[in-house]
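See below for the structure under consideration.
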Amino acid sequence: PCLTWLCCPVAEKTGKVLGDFCRCYKEQFGVALFNSVRYEIEGTGGPQAQLLHRKVPLEDHVIYSGNIFQYIEENKKWRNRFCVVPHNYGLVLYENKLAYERELPPRVLVNSAGYKILTSVEQYLELVNNSLPGEGPVLPLGDLWVGFGGMIPEGLQKRVILGVRGNPTKVGWGCWAALVPRSTLLTRPCPPSAGISEDSKVEAPAFTDAIRMYRQSKEQYGTWDMLCGNETQVLSNLVMEELLPELRSTIGPRLKGKAPERQRTWIQVSDAVYRMVYELAKAQYDAAVARCEQERPQLESTIRTDMDQIITSKEHLASKIRAFVLPKAEVCVRNHVQPYISSILEALMTPTSQGFAEVREVFFKEVTDMNMNVVNEGGLEKLVEYMEKLSHLAFHPVKMQSCYEKMDQLKLEGLQQRFDVSSTSVFKQRAQIHMRQQMDDAVYTFETLLHQELGKLQGKDDLCKSIQRILERVLKKFDYDSSTVRKKFFREALLQITIPFLLKKLAPTCKGELAKFQELIFEDFASFILVENTYEEVVLQSVMKDIMQ
């Protein structure tokens, strides 16, 4: 369809949203830079991890490869493709296996961090049929195969529809379909190509805090399911969230033909609009980041020179805001949060603890099995082969599945409505990220300790005893780290549930009064101290004591 008439309104909406966001980003960049330098100087003094952490990531490896069919929406036909699923759970489709082996460009390359996985026709149809108001059920795929999987973009990128003939588990795709729904939206620890990098100590917090502040300015509090993918994808989602209802009301009545044709046209329109938004958002965001980076040396110099004065100024501001806000916040905590903290914690603890226990069990079983196989099948000569397999354990979709699926039990029930939590998926995924990291740390620690022992070993018996002894050492370290990681996860989850709730509750009586505190900030330090951020820190302090207990 011709979309020329849409270019102006789409560009206008994108420009407005990105303009407001980039102002938030510039403010948060200064705060994040200050926090980063302060952390570098002061540190935190938290508990030291016992397990070793892999400094150099494993070389790229493939989780799965094999043939699969892709549904081509343009001509309504299925095409046989050779599919590769790399370690970051992306999706790469080649014309055939020969094209892959010759390293020819792929047909489809999907950064799956921005997608939602649907593994049944029913799920797909429900989403498609709800995309246009007033549409009844439609079957857009012709012959519906048993082995169906649809990768539906959260922000309306290009859809990918896959299928296999017959039983998917018999052709090797059952495990992939089971894994991907849990792992593709784990955005933060994925490689930078897949999501927001956690290694960035300034840009990442500046970006996520700017998103939060922008949404709160629209009175949208709490977790946001569209915070997935890289920065440009997230910003495109931000624009599309506001733009989509307008598009539906404008374009919906103009669509002609029967229901399947209208839906197909709507999908084409939304795909095209998303691509426009993506390009505009990328250009505007990249320009904002470049401006901040240009100012960074001067800002950092000021921070390092005036660190003590900035801290004193911020503490003075915080004391004034605390005197105004804390009495109201404490009443709110006592009446609306305190009675429910133990219930939230209990709901989080059971599945998470079971998941980490399963990680421990899987690790123990894999090393024990390896030990038996090494003894029975050739000692040191076979060890390299088995250790290579063990090194990828944390990224093995089938072996980690039993750990990940423990989080499916997480239910917040009435608490979810009370605290306006849109979905528990963010907590499930974060726990699964921690499980994967703990498994990889345990494996890497085991590898390192065993490597140190190898030169001293003589024969199979020595090797067997050494593997057993190192396994016991690593399990003790795992138990210590697991406890620390889970406590940190529970604390963060409780804050993520309660703080947005408190901010929303306090907004009518507090937010309008915050402007009067602006005069307390020295102009030279205004890039590093924000009234809004300091107010949120005070609100956090009001509930922190209960959460720490």
**OP:** May I ask you to verify whether Tyr214 is open to solvent by less than 70 Å² (accessible area, probe 1.4 Å), touching a Phe, Trp or Tyr at 6+ places or on another chain (Cβ under 7 Å) and not assigned by the TED database to the domain that holds His87?
**Re:** yes
Original post:
If you take the residues in the range 256-278 that are open to solvent by 70 Å² or more (accessible area, probe 1.4 Å) and closer than 30 Å to Phe21 by Cα, which one is modelled with the highest pLDDT?
Top reply: Arg275
Original post:
Name the residues in the range 537-549 that are open to solvent by 70 Å² or more (accessible area, probe 1.4 Å) and not aliphatic (A, V, I, L, M), would you?
Top reply: Glu537, Gln541, Lys545, Gln549
Original post:
How many residues, within the range 367-385, are assigned to a helix (DSSP H, G or I) and open to solvent by less than 30 Å² (accessible area, probe 1.4 Å)?
Top reply: 5
Original post:
What is the number of the single condition among (1) crowded, with 17+ Cβ neighbours inside 10 Å; (2) out of contact with any Leu (no Cβ under 7 Å at 6 or more places or on another chain); (3) over 30 Å from Tyr115 (Cβ atoms) that Cys332 does not meet?
Top reply: (2)
Original post:
Taking the stated definitions as given, is Leu390 open to solvent by less than 20 Å² (accessible area, probe 1.4 Å), in a helix (DSSP H, G or I) and of a type in the set (A, V, I, L, M)?
Top reply: yes
Subject >> Any chance Glu361 is free of Cβ contacts under 8 Å to residues at least 40 places away in the same chain, part of a helix (DSSP H, G or I), of a type outside the set (Val, Ile, Thr) and over 19 Å from Ile63 (Cα atoms) >> reply: yes
Original post:
Ala281: more than 28 Å from Glu203 (Cβ to Cβ), crowded, with 16+ Cβ neighbours inside 10 Å and of a type in the set (Gly, Ala, Ser), yes or no?
Top reply: no
**OP:** Have a look at Ala323, Ala288, Ala283 and point out the one that is small (Gly, Ala, Ser) and either touching a residue at least 40 places away in the same chain (Cβ under 8 Å) or outside any helix (DSSP H, G or I) (or both).
**Re:** Ala288
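Residue-by-condition table, conditions (1) open to solvent by less than 50 Å² (accessible area, probe 1.4 Å); (2) more than 28 Å from the chain's Cα centre (by Cα); (3) modelled with pLDDT under 95:
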| site | (1), (2), (3) |
| --- | --- |
| Gln458 | no, yes, yes |
| Ser466 | yes, yes, yes |
| Glu472 | no, yes, no |
| Lys477 | yes, no, no |
| Gln496 | no, no, yes |
| Ile521 | yes, yes, yes |
| Tyr535 | yes, no, no |
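The values are calculated or read from the model by the stated rules, or taken from the named source; none is laboratory data. Computed from a predicted structure; not experimentally measured. Quick reminder, even Gly has a Cβ in these numbers, built from the backbone with ideal geometry, and neighbours come from all protein chains shown. Side chains included, ligands, DNA and RNA excluded: accessible areas come from the protein's heavy atoms. Shrake-Rupley method; radii C 1.70, N 1.55, O 1.52, S 1.80 Å.
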